[in-house]
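The values are calculated or read from the model by the stated rules, or taken from the named source; none is laboratory data. Remember, it's a predicted structure, so these values are computed and weren't measured experimentally. Here Cβ is always computed from backbone atoms with ideal geometry, including for glycine, and neighbour counts include all displayed protein chains. When the accessible area is computed, the model is the full protein with side chains, heavy atoms only, and any ligands, DNA or RNA have been set aside. Shrake-Rupley method; radii C 1.70, N 1.55, O 1.52, S 1.80 Å.
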Amino acid sequence: MHKTRRTGRWIAAASVTIAISTIMGMPEAAADSAVQPDPSGSLLYSRLVHNDDGSLKTNGKGGYFVTTPYTGNDVTRKVGRLTAGGLCTATVLDSPSGTLAITARHCIDSDAALIESGRATFTPAWHDGQRPYGDWVVDKAFTSDVAVDGSVPDVAVLAIRPAEGTDRVVSAATGGGLKIHPALSSTQSVQSTLLGYPGPAPYNAVLMSACVGDYTYYPGKGRGAVQRVNTQSECHVGGGSSGGPYVTATAAGPQIITVLNSNGGSVISSVAPSLITEADNWVFAKYPNLSRGGGLPSTGSGS
């Protein structure tokens, strides 16, 4: 279990390395090292919080803080808190319906009843109780059971219900959505920024974290096939950040290379397109009056 359970205390955490110590029988994440690569020039470097002395503010384990309000940036306004049986992170996707978001499968795998009853919500640009775009109901989750690199990919595409009484879709509120990055090769690395809403202090599920590093593809590693290059250690921010996007800059705009689980991320480029198509078809069948391209222009490109 790597999402943060809402039981009055934080009892689980997501990171690349899992420690032996446990809290209430669940694994507690631990950092390899707080030493991080230079984030200068990264996609959201200008949005990272600095201390009075000009140094970057960190959590002491390699995680940075993102400048508020999150509505002030074209990427961070699309990332939000996912609330179901636990707390995770999700991101608005570019899609014909404008209603889709992406997260980690383990964030919603045991929450079918909550989703069916309309009690799972997505809150883009959430910040310390502020809901600038409101809470959006998760209508349905789409996943794939086809193994990739030897494991079922830890990714889910969410259909987000249009605003009640209107045809307004979530991507219209957030200024579009992000596209999925093409598959990485094992000889390719890209600088990416991981965003999320960690439960543990000092983020406390109310502040957005950012981790910056270089990521590549490790064949045969299943749900950990996309990780940092082996000369870099991952940061540690904690549970609640699961499902958060690894976003990289491209000539066509920012794109998502994977979403966070407890061991890096799955290769999602081979399954996300079909999940997006399946989810969009379901949305248009349920809401026949919804126009295609109902959201604002998208960010990024799949090409």
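In table form, for the structure just shown:
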item: Share of carbon and sulfur in the accessible heavy-atom surface of the chain [1.4 Å probe, %]; result: 50
item: Cα-projected label distance for VAL152 with ARG119, points at 7 Å along beta-carbon direction, nm; result: 2.3
item: Which label in (1) 150; (2) 125; (3) 163 gives the computed volume of the Cα convex hull per residue in Å³; result: (2)
item: Relative contact order (%) - the stretch 119-230, alpha-carbon pairs under 8 angstrom, separation at least six; result: 22
item: Residues of the chain: accessible area per residue with a 1.4 Å probe, Å²; result: 39
item: Under-5 Å amide H pairs with ASP139, H placed in peptide plane, nonlocal only; result: ALA159, ILE160, ARG161
item: Heavy-atom SASA rank of LYS78, LYS286, LYS140 (probe 1.4 Å, accessible area, largest first); result: LYS286, LYS140, LYS78
item: Helix 272-286 vs. the chain, principal-axis angle (Cα, 0 to 90°, nearest 10); result: 30
item: Helix-derived mean residue ellipticity, 222 nm - over the chain, DSSP H n ≥ 4, -39500 (n - 2.57), to 500; result: -2500 deg cm²/dmol
item: Dipole of the chain [Lys/Arg +1, Asp/Glu -1 at C-beta], most positive-end residue of ALA183, SER46, ALA156; result: ALA156
item: Rounded to the nearest 20 debye, dipole of the chain from Cβ charges on Lys, Arg, Asp, Glu; result: 340
item: For peptides 87-98, 181-192, 241-252, 222-233, sequence by mean Cβ density within 10 Å, most packed first; result: 87-98, 241-252, 222-233, 181-192
item: Set of lysines with alpha-carbon distance to LYS179 below 16 Å, sequence-local pairs under 8 removed; result: LYS78
item: Packing rank of 150-160, 45-55, where each peptide gets the mean count of other beta carbons within 10 Å, highest leading; result: 150-160, 45-55
item: Mean separation of Cα contacts under 8 Å (6+ apart) over length of the chain, as relative contact order %; result: 25
